[in-house]
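Take a look at the structure below.
Rule-based calculations on the coordinates, nothing more; no lab input. Note that the structure is predicted; figures quoted are calculated from it, not measured. Note that we place each Cβ from the backbone using ideal geometry, even for glycine, and neighbour counts take in every protein chain shown.
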Amino acid sequence: MRGHYDKPMDRPIRSFMKIPKSLQLHGQTIKVVHDNQLEHMTGSIGEARYRENQIVLQPNNKGINFPETKLEQVYCHELIHFIL
C-alpha cells in the first residue's frame, strides 16, 4: 500500500518562511549574509561563521538555481549550529 507521500507533487511547494537579515540569539546579534561566491569558493551553500557572528548563504544566481525552500532549509541548518 502506497502512502500519499509517494505521489508526485501536483503543485510546487510554497515557501512560508522569511529569512531575516539578522537575529538575536544568546544575547548576540547574528547577521545573515548572502554571498554569490560561497559555493564556488567552498563547495557549500551555507556556512556558520562563529567569529563573525554570521550565517552565510549562497543565493540563486546564473550558475546556481535551487528552490527557495532549499535556502530556507540551509538557513535553519546553519542556525542550529549557532544554537548548539
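Quick notes on this one:
- Residue-count net charge about Tyr75 - beta-carbon cut-off 13 Å; Lys, Arg +1, Asp, Glu -1: 0
- Cβ-defined net charge surrounding Lys31, 14 Å radius [Lys, Arg +1; Asp, Glu -1]: -1
- Net charge of neighbours whose Cβ lies under 15 Å from the Cβ of Thr42, counting Lys and Arg as +1 and Asp and Glu as -1: -4
- Across segment 65-73, computed HN-Hα scalar couplings (Karplus, 6.51 cos²θ - 1.76 cosθ + 1.60, θ = phi - 60°) run 9, 9, x, 4, 5, 5, 4, 5, 4 Hz from first to last residue, x flagging Gly and Pro.
- Here the peptides 54-66, 22-34 are ranked by packing, the mean other Cβ count within 10 Å, and the order with the highest first is 54-66, 22-34.
- Label point at Gln37 placed 7 Å out along Cα→Cβ; residues across segment 48-65 whose backbone nitrogen lies under 15 Å: 57-59
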